[in-house]
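The values are calculated or read from the model by the stated rules, or taken from the named source; none is laboratory data. If you're wondering where the values come from, they're calculated on a predicted model, not measured in any experiment. For neighbour counting, all protein chains shown are included, and Cβ atoms are generated from backbone atoms with ideal geometry for every residue, glycine included. Calculation scope for accessible area: heavy atoms of the full protein, side chains included, ligands and nucleic acids excluded. Shrake-Rupley method; radii C 1.70, N 1.55, O 1.52, S 1.80 Å.
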Amino acid sequence: MVVTSQGSHATPLKPRSGEPGAVATTSGSPVGKQSAPRKGRRPRATRSAAARRRDLPVALLLILPVVVGFATFYAYPTLRGIYLSFTDFHVLSPPQWVGLANFRELAGDDVFWHSLLVTVYFVLLSVVFGTLISLVTAVVLDRVTKSSVLRGVILLPFLISNVIAALVWQWMLDPTLGVVNIALKNLTGHSILFFGSGGWAIPSLAAISVWKWMGYYALLIFAGLQTIPPTIYEAGRVDGASEVQMFRRLTVPLLRPILVMVVVLTVINSFQVFDIVQVTTEGGPANASNVLQMYIYRKAFRQFDFGYAATMSLALFALLITVTFTQLRLARANESDLN
């Protein structure tokens, strides 16, 4: 039938073969306007693509400073360092290509392997104690107090530069005038050479690093605790679980992605430690705190062997990439028990 906009009557149409019936509408009806789009009207997606093309020059102009900075201070030095690792370069003379000679020297360098072991020891102390202290601090902030002032106080050491933190702790741990040794002498009758003893040098440096970064990592874990629904702890209390049991069976597993991120950041920062070692021990005593970054610095800026220093830097870079991806893969950092 034909439905017109002039009246309310309907005129039947002859149906096609195989169809029970059909209704035809005229262009004057609202239905006809919806079924027949205007000619020459562009689709909405086409307009969006055109708008994006118009915005492209502005977007490129805005990101240009970042691209130039990245290329100047990151990409070019990295490529230059990779090139220098295959050369013999002593600053005053042009680089001479030596191929894999620096890497063969690295494989037989006893000081390099000793520095690597010292660095690994420092990393293990920083990761274990730093993660545990940050986790306990974050849980206390979440379950005991919500004070933003306390969170700001805990973050203060992170805002201090590494050099200032190292100087402050060097004065505090001084064997003669340091407040820590004065207290130890009053309690035990003798003082400790924290930076002058081979057995205490690396633990003391690791303690400074943990104190420096603890507040930052604690706030990261505290933010992760806010994503855990309170109903999970309510269900645990209903089942009779204690606070310690809920911490072990609920909090720690649900914080796995955040904890993996904290561990990865701690490993990377610990492998790159230099400033607190330079200020406090300078790699001593007897290379007891001669971390890898310190050895690279000595080779480059004291012996001016930039080619060999670049080789050690490249080896450290490859080591960090391997350790980081292995941690992320084994710990399943992209998975969460909340899903």
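So here's what we get for this one:
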item: Surface per residue (accessible, 1.4 Å probe) for the stretch 120-188, Å²; result: 60
item: Surrounding net charge for F86, when Lys and Arg each add one and Asp and Glu each subtract one, Cβ distance under 15 Å; result: -1
item: Area accessible to solvent at W200, 1.4 Å probe radius, in Å²; result: 120
item: Charge dipole magnitude, Cβ of K and R +1, D and E -1 - the stretch 78-168, Cα centre, debye nearest 20; result: 540
item: For the stretch 92-99, 3J(HN,Hα) per residue [Karplus equation, 6.51 cos²θ - 1.76 cosθ + 1.60, θ = phi - 60°, Hz, x = Gly/Pro]; result: 6, 10, x, x, 10, 5, 10, x
item: The stretch 188-339 shape via C-alpha gyration tensor axes, a/c threshold 1.5; result: oblate
item: Accessible surface of the stretch 231-339 [probe 1.4 Å, protein heavy atoms]: carbon and sulfur percent; result: 60
item: P(r) of the stretch 184-245 over all Cα-Cα pairs, binned every 5 Å from zero, in whole percent; result: 4, 13, 10, 12, 12, 10, 9, 10, 8, 8, 3
item: Which of R256, R143, R52, R302 is most accessible, then next, and so on - probe 1.4 Å; result: R52, R302, R143, R256
